[in-house]
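The values are calculated or read from the model by the stated rules, or taken from the named source; none is laboratory data. Being a predicted model, the structure only gives us computed values, none of them experimental. For neighbour counting, all protein chains shown are included, and Cβ atoms are generated from backbone atoms with ideal geometry for every residue, glycine included.
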Amino acid sequence: MTPVDFTTFMRNYQDMVYSTAVRLLGNDAQAEDISQEVFLKAYERYDDLGSSPTAGGWLKTVTTNMAINHLQRYRKRWSFFSDLVHRDGDGEDSGEVEFAAPDGDFLADLDQGDRRE
């Protein structure tokens with residue numbers, strides 16, 4: 001494989017990979033990141049993949065799987081913050097985030113050398 005071979009391969013499929021990622025993610029920047037990761041995987045397997053008639057299908061499958069995995073990680077990351085949303089007395093979402101006040105006098109527990117006053 002030469003760099004020119006892979007560049008040609010990538011240019012043949014880049015629109016399909018990117019458009020699949022955008023359609024699934026709905027975000028251009030995330031789709032670009034996923035597209036780069038897909039082509040890194042393709043580069044690693046280029047000797048088997050480059051001349052294969054199923055290369056397009058393989059790329060689309062890898063793109064779909066990587067986008068779904070990204071969405072699952074994103075959802076888990078942000079579900080933590082949805083648990084912080086303050087609920088009012090009726091159980092409705094008030095749109096405010098509730099933070100717990102610290103218990104006790106932490107400053108009194110610090111040594112004089114540890115305090116910044």
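Quick one: in region 24-50, of everything that is under 24 Å from Met1 (Cβ atoms) and not in a helix (DSSP H, G or I), which residue is modelled with the highest pLDDT?
Restricting to residues being under 24 Å from Met1 (Cβ atoms) and not in a helix (DSSP H, G or I), the top hit is Arg45.
Report yes if some residue within region 66-86 is more than 13 Å from the chain's Cα centre (by Cα), assigned to a loop (DSSP other than H, G, I, E, B) and either at pLDDT 95 or above or surrounded by 14 or more Cβ atoms within 10 Å (Cβ to Cβ) (or both); otherwise report no.
Checked region 66-86: no residue is more than 13 Å from the chain's Cα centre (by Cα), assigned to a loop (DSSP other than H, G, I, E, B) and either at pLDDT 95 or above or surrounded by 14 or more Cβ atoms within 10 Å (Cβ to Cβ) (or both).
Every residue in region 5-62 that is surrounded by fewer than 16 Cβ atoms within 10 Å (Cβ to Cβ) and touching a Leu at 6+ places or on another chain (Cβ under 8 Å), please.
Met16, the sole residue that qualifies.
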